[in-house]
Amino acid sequence: MMNTVQYNADTDSRNSQDDPSHSYWAAQAWVEGAVRSNVRFTVSDGAYAQIVTGEQPHEGDTRLDGLVMPGAADCHSHTFHRALRGLGREGATFWSWRDTMYRVAANLTPELYYEYARRVYTEMLMSGYTTVAEFHYVHHRPDGTPYDEPNAMGLALARAAHDAGIRLTLLDTCYLHADVQGNDLGERQRRFGDGDVESWVSRVDALDWAIQSDEILRESVRVGAAVHSVRACSQREAQVVAQWSRGEIGDSRNAHNMHSAHGAFTRPLHVHLSEQTVENEACREATGMSPVELLDKAGVWGPNAVAVHATHLSGSDIATLGAAHARAAICPTTEADLADGIPAAAAMRDAGIDLCIGSDENVSIDPFEEVRRLDGNQRLNSGQRDTFAPDELVAMMTEQGQAASGWSESGCIGVGMLADFVVIDTAAPHLAGVRAESVPLVATAADVRDVAVGGRFVIRNRQPSAISADDVSDGICELTERLRA
């Protein structure tokens, strides 16, 4: 039987490593885009204060055995989809697969979601993710009526992330229609919707304010926005969501440390884009535009925007995203499981679109597998083996992913950056003889030995600090059965 742990704002459950300043030494570390040897670094107040290469360890240093690299960012997750793992034959197509997903979504409660997410987020940490961007659209009761606390579900996710020890970007998702024609949400979708976009703005303002007012949550949780898809939001509604993400509407009290490279206040804005050809065809039939074109007219695309999947884009679509300096989150394990297709990742990269990865459906939680599949898919399409260099793939996992998730101060081992790092056990037999630069292309989640967030270990010797590994497994098993019922 799993143990229930309640969120307590007076207790930091991550670990008891209270020293604000500590020094570490690694034989090898991925520092600012390349592997360096004999790296000694000091962490103060959660950030790298000093980094020196070519130096032997000092007395009192914590020695990190293996390859140290920045923590990965899971740029697109639906945590409750973890309950669908192994159900690959339920639903022959993406559209019929949704029937199973709706059944699982209908069983969620705030209390169950907290318990499930806390364990799934711990699984993410154990796999090398230090940040997760949660594409959150299960907002209300199954009949569509709000909970007494209208953001009960979102706050459950925020508390679960805090208690697990992972950084969270809660992408509150606007989901108002059943299809691109604007039909009302179906019975199984009612809990996703707010009725109209103005009600969404009001609720997400309250969510943002609640988290920023919480002295504990605001350190590790940020609120972003999401347009679920062109099926779920009209052009005008998508425009309103984009305006909120840029701080042009809504409660200005909620502005906090999310800024673009140009210094303007902004939050991440994500959107499911062209995942299926049917979506593209329906959008063009209803509006005369592709989803990229419609969202361009809505003012969605910009440096804070992330196109999720971007599976079926034309050359002009890719050019539009590149010109806007938008990003793309590719989710290869999910795109394979749902038979979505293979995104043109190389063409997007060449157009100036920064790429990142996500676990999405959570059929697999392994950042190394995601980048390996992304690279492998491009090789199969092109017949060439050198589409992406190892440092590009690492950047997708780390620096580019953290920026896409709204944590641009993470993702790099550099002075002043957040000390979020992962230690890969390079003594594993399948890594024998692999050059350090290529380890991330061969490693798996099982090779992650240690994980630190803000310089504090949340995983040490493969054991989580906030919950036992057995409780993670047993809890996911028990709760998955309840969600599938």
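The values are calculated or read from the model by the stated rules, or taken from the named source; none is laboratory data. Note that the coordinates shown come from a computational prediction; the quantities given were computed from them, not determined experimentally. Every residue, glycine as well, gets a Cβ built from its backbone with ideal geometry; the counts of neighbours run over all protein chains shown. With ligands, DNA and RNA removed, areas are computed over all heavy atoms of the protein, side chains included. Shrake-Rupley method; radii C 1.70, N 1.55, O 1.52, S 1.80 Å.
Starting at the first residue of the stretch 79-84, write each ³J(HN,Hα) from the Karplus equation 6.51 cos²θ - 1.76 cosθ + 1.60 with θ = phi - 60°, in whole Hz, x for Gly and Pro.
4, 5, 5, 3, 6, 8
Counting only C-alpha contacts under 8 Å and six or more residues apart, can you give the relative contact order of the chain as a whole percent?
For the chain, the relative contact order is 22 percent.
222 nm [θ] for the chain, helices only, -39500 (n - 2.57) per DSSP H run of 4+, per residue, to 500?
After summing the helix terms and dividing by the residues of the chain, the value is -10000 deg cm²/dmol.
Please compute the contact order of the stretch 371-484 in relative form: average sequence separation of alpha-carbon pairs under 8 Å and at least six residues apart, divided by the residue count, as a percent.
For the stretch 371-484, the relative contact order is 17 percent.
Kindly provide the pair-distance distribution of the stretch 394-485 built from C-alpha pairs, with 5 Å bins from 0 and whole-percent values in order of increasing distance.
Answer for the stretch 394-485: a P(r) of 3, 12, 15, 17, 19, 17, 11, 5, 2, 0 percent.
Taking the inverse of the average 1/r across all pairs of different Cα atoms in the stretch 86-237, what Kirkwood radius in Å do you get?
Every distinct Cα pair counted, the radius reaches 16.1 Å.
Please list the non-local residues whose amide H lies under 5 Å from the amide H of MET417, H modeled 1.01 Å from N, same-chain partners needing a gap of 5 or more.
TYR48
Relative to the first principal axis of the alpha-carbon coordinates of the chain, what is the inclination of helix 152-164, with its axis defined by its Cα atoms, in degrees from 0 to 90 and to the nearest 10?
10
Using a 1.4 Å probe, what is the accessible area per residue for the stretch 313-384, in Å²? It would help to have the intermediate numbers written out before the result.
Working: 2380 Å² over 72 residues.
With the other protein chains kept in place, the stretch 313-384 gives 33 Å² per residue.
How much length would be gained if the chain were fully extended between ASP386 and ALA286, taking 0.36 nm per residue of separation minus their Cα-Cα distance, in nm to one decimal?
32.0 nm
Taking the chain as a whole, which cysteines find no other cysteine Cβ under 4.7 angstrom from their Cβ?
Result for the chain is CYS174, CYS233, CYS283, CYS331, CYS412, CYS477, no neighbouring Cys Cβ within the cutoff.
Report, to the nearest 10°, how far helix 235-245 tilts away from the longest principal axis of the Cα atoms in the chain, using its own Cα long axis and a range of 0 to 90°.
Between the helix axis and the principal axis of the chain, the angle is about 30 degrees.
With every protein chain left in place, what is the accessible area per residue of the stretch 439-485 in square angstrom, probe 1.4 Å?
39
Read phi for every residue in the stretch 323-335 and hand back ³J(HN,Hα) as whole Hz from Karplus 6.51 cos²θ - 1.76 cosθ + 1.60, θ = phi - 60°, with x for Gly and Pro.
Couplings: 5, 8, 6, 6, 10, 9, 9, 9, 10, x, 5, 6, 4 Hz.
Got a number for carbon plus sulfur as a percent of the stretch 329-485's accessible area, 1.4 Å probe?
After summing per-atom areas, the C and S share lands at 49 percent.
Can you tell me the alpha carbon radius of gyration of the chain divided by the globular rule-of-thumb value 2.2 N^0.38 Å?
Values: Rg = 21.2 Å, N = 485, 2.2 N^0.38 = 23.1 Å.
That works out to 0.92 for the chain.
Of all chymotrypsin sites (Phe, Trp or Tyr not before Pro) in the stretch 143-212, which ones are in loop regions per DSSP and have a Cβ with at most 16 other Cβ atoms within 10 Å? Don't skip to the end; give the middle numbers.
Numbers: sites: TYR147, TYR175, PHE192, TRP200, TRP209; in loops: TYR147, TYR175.
Within the stretch 143-212, the qualifying chymotrypsin sites (Phe, Trp or Tyr not before Pro) (loop, at most 16 other Cβ atoms within 10 Å) are TYR147.
Restricting to Cα pairs below 8 Å that are 6+ residues apart, what does the relative contact order work out to for the stretch 368-438? Please round to a whole percent.
Rounded, it is 18 percent for the stretch 368-438.
Label-point separation (nm) for GLU215 and ASN107, each offset 7 Å from Cα along Cα-to-Cβ?
It works out to 4.0 nm between the two label points.
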